[in-house]
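Engineer: Let me begin by handing over the structure; questions about it come next.
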Amino acid sequence: MANTPSAKKAARKIARRTAINQARRSRMRTFIRRVEEAITAGDKTTASDALRAAESLIMSNVSKGVLHANTASRKVSRLNKRVKAIA
């Protein structure tokens with residue numbers, strides 16, 4: 001447990017950032033799940049619309065430090081590949 005005032009403040013800041021990042025990560029996963037559900041249903045137009053929204057959110061999470069750029073690119077690439085594979 002933190003003892004010094006600066007360590008206590010740092011612990012509070014980390015707790016706040018963690019809560020914010022968890023919310024952002026959860027929202028991103030929801031958007032990804034929408035894309036995957038549309039892919040499973042075989043609905044290409046819904047899937048591509050959902051992908052566009054998910055990609056925007058994923059890349060915005062990269063700029064906010066929630067996700068590494070390469071991880072985000074990989075996720076978007078794999079989702080895009082699956083959307084294109086829908087007949």
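The values are calculated or read from the model by the stated rules, or taken from the named source; none is laboratory data. Quantities reported herein were computed from a predicted structural model and do not represent experimental measurements. Cβ: placed from backbone, ideal geometry, glycine included. Neighbour counts: every protein chain shown. The protein model used for the area step is the full one, side chains on, heavy atoms only, and it has no ligands, DNA or RNA in it. Shrake-Rupley method; radii C 1.70, N 1.55, O 1.52, S 1.80 Å.
Engineer: Tell me the mean residue ellipticity at 222 nm calculated for the chain from its helices only (DSSP H runs of n ≥ 4, each -39500 (n - 2.57), averaged over every residue, nearest 500).
Structural biologist: It comes out at -29500 deg cm²/dmol, rounded to the nearest 500.
Engineer: Given the C-alpha centroids of the stretch 24-40 and the stretch 56-78, what is the distance between them in whole angstrom?
Structural biologist: 13
Engineer: May I pose another question? Testing the spin-label approximation: label points 7 Å from Cα along Cα→Cβ at A69 and R17. State their distance in nm.
Structural biologist: Between A69 and R17, the simple spin-label model gives 1.9 nm.
Engineer: Another question, if that's okay. When percent of Cα pairs over 23 Å apart is calculated directly from the model, which label among [x] 52; [y] 41; [z] 36 fits?
Structural biologist: Computing percent of Cα pairs over 23 Å apart and matching it to [x] 52; [y] 41; [z] 36 gives [z].
Engineer: Counting only heavy atoms of the protein chains, get the accessible area per residue of the chain (1.4 Å probe) and round it to a whole Å² value.
Structural biologist: Value for the chain: 70 Å² per residue.
Engineer: Report the residue, chosen from A11, A41, A69, that carries the largest GNM mean-square fluctuation when the chain is represented by alpha-carbon nodes joined by springs under 10 Å.
Structural biologist: Most flexible of the set in this elastic network: A11.
Engineer: Helix by helix through the chain, keep the DSSP H runs that span 24 Å or more along the axis on Cα and average at least 0.0 on Kyte-Doolittle, and give those back in order.
Structural biologist: 44-63
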